[in-house]
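J.: One structure coming up, written as structure tokens, with questions to follow.
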Amino acid sequence: MYAQTLRSELLPENNHFNVVNHRDQQLKGAHFIIPQLNGPELIDGINRFAIKNRYKKNQTLFVQGNPFYGIFLILSGKIKISQTSADGKETIIRIARPNEFLAHHHIFKHESHNSTATAIEDSLIYFLDKKSIAYLIDRFPQLTTHFYRHLLEEYREIEIKFVEKCQKNVRERLAHLLIDLAEKDGGVDENGNFKFNVFLSRENMASIIGTATETLSRFLSELKSEEIIIQKGKVLYIKDMPKLLRFAS
């Protein structure tokens, strides 16, 4: 039942936001996360103040410990949000996708960044400085409600991942990650198998689920040997979603 629901949600047109030249269409994706703010005034306001930047893979948007200057809106691409410990170990907090804001929690407390944002693929980003955001919030008070709601969703996701790391074994956490990637970034092939492009390195995948790269590789190999998943180049196919769901639960 869950697999059928998941399949219905994996619509190709929802997976990627194609950037085009028309300014209103550039921000079309943002309407999905703030539908109450649809309309030309908000779009014109963002277009008026925003600076559009292109980031190549592995370029950073902001760095942990650096001052906060403004927020970012992802138009296309994917951004890795991570924290680095005192001994240099990186932990990936989440992967941000099109239509998501970054660094928005600093709007309410102008402190230094507590994480680093790195493009894991070529990305198109809007940047809004602190003064511009203050103006837009004053003009569109609903933005504050949206940012609070978005923060709650992020913290809930982090809480769920923390519980998973405490209560689930590596195989279960890996299964959940693969399902999550299929749901958010994938599609369905002509045979009804879920598929997605593997944009994360094995080191990044291991960091997300809290294990060593060698352990991750071993469990991926086991899933392949059991024909639950197969990989062709950069595309991973889930051949047995019901079994993977059982592992995840």
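The values are calculated or read from the model by the stated rules, or taken from the named source; none is laboratory data. For clarity, every value in this text was computed on a predicted model and none was experimentally measured. Cβ: placed from backbone, ideal geometry, glycine included. Neighbour counts: every protein chain shown. Calculation scope for accessible area: heavy atoms of the full protein, side chains included, ligands and nucleic acids excluded. Shrake-Rupley method; radii C 1.70, N 1.55, O 1.52, S 1.80 Å.
J.: Any chance you could list the semi-axes, whole Å, largest first, of the equivalent ellipsoid that the Cα gyration tensor gives for region 97-249, using √(5λ)?
T.: Calculated on Cα positions only, the semi-axes equal 35, 17, 15 Å.
J.: Using alpha carbons only, how many angstrom separate the centre of region 179-249 from the centre of region 63-86?
T.: That distance is 26 Å.
J.: Here is a further query. Can you run phi through the Karplus equation (6.51, -1.76, 1.60; θ = phi - 60°) for region 73-78 and list ³J(HN,Hα) in whole Hz, with x for Gly and Pro?
T.: Karplus-based 3J(HN,Hα) across region 73-78 equals 10, 7, 8, 8, x, 9 Hz.
J.: Please report the net charge: other residues with Cβ closer than 14 Å to the Cβ of residue 94, K and R +1, D and E -1.
T.: -2
J.: Between residue 54 and residue 191, what length in nm is gained on full extension when 0.36 nm per residue of separation is reduced by their alpha carbon distance?
T.: 45.7 nm
J.: How big is the C-alpha Rg of region 184-249 next to the rule-of-thumb value 2.2 N^0.38 Å, as a ratio?
T.: Cα-based Rg divided by the globular estimate yields 1.10.
J.: Under a 5 Å amide H to amide H cut-off, with H placed in plane at 1.01 Å, what residues pair with residue 100 once short-range neighbours are removed?
T.: 74
J.: Quick one: Debye curve from the C-alpha atoms of region 136-210, no solvent, what's log10 I(q)/I(0) at q = 0.18 Å⁻¹?
T.: Taken in order of the listed q values, log10 I(q)/I(0) reads -0.85.
J.: In region 66-106, what percent of the accessible surface is made up of carbon and sulfur (1.4 Å probe, ligands and nucleic acids excluded)?
T.: Working: 710 of 1430 Å².
That share works out to 50 percent.
J.: Counting only Cα atoms, I'd like the Rg/Rh figure for region 99-170, Kirkwood definition for Rh.
T.: Result for region 99-170 is an Rg/Rh of 1.04.
J.: Still on this structure: Give the Debye-formula value of log10 I(q)/I(0) at each listed q (0.27 Å⁻¹), with one equal scatterer per alpha carbon of region 34-99, two decimals each.
T.: Scattering profile of region 34-99, log10 relative to I(0): -1.36.
J.: Cross-link candidates for residue 130: which lysines have Cα within less than 20 Å, leaving aside residues fewer than 8 places away along the same chain?
T.: Residue 130 reaches 52, 109.
J.: Could I ask something else about it? In nm, to one decimal, how far is the residue 226 label point from the residue 243 one, both placed 7 Å along Cα→Cβ?
T.: Result: 0.7 nm between the two label points.
J.: Further, regarding this structure: List the residues whose amide H sits under 5 Å from the amide H of residue 62, counting only those 5 or more places along or on another chain, with H placed 1.01 Å from N in the peptide plane.
T.: 117
J.: Residue 195: which lysines have alpha carbons under 22 Å from its alpha carbon, excluding same-chain residues fewer than 8 sequence positions away?
T.: 78, 80, 184, 224, 232, 234, 239, 243
J.: P(r) for region 60-153, please, calculated from all Cα pair distances in 10 Å bins and given in %.
T.: Percent of Cα pairs in each bin: 16, 48, 31, 4, 0.
J.: Could you give each residue of region 166-174 its phi-based ³J(HN,Hα) in whole Hz, using Karplus coefficients 6.51, -1.76, 1.60 with θ = phi - 60°, and x for Gly or Pro?
T.: With coefficients 6.51, -1.76 and 1.60, one gets 7, 10, 9, 7, 4, 4, 5, 5, 5 Hz.
J.: Next question, about the same structure. Across region 79-122, how large is the tail of the calculated P(r) beyond 12 Å, expressed as a percent of all Cα pairs? List each step's numbers first, then the result.
T.: On the way: 606 of 946 pairs.
The proportion of pairs with Cα distances above 12 Å equals 64 percent.
J.: I've got another one for you. Mind checking the per residue accessible area of region 69-221 for me, 1.4 Å probe, whole number of Å²?
T.: On a per-residue basis, region 69-221 sits at 46 Å².
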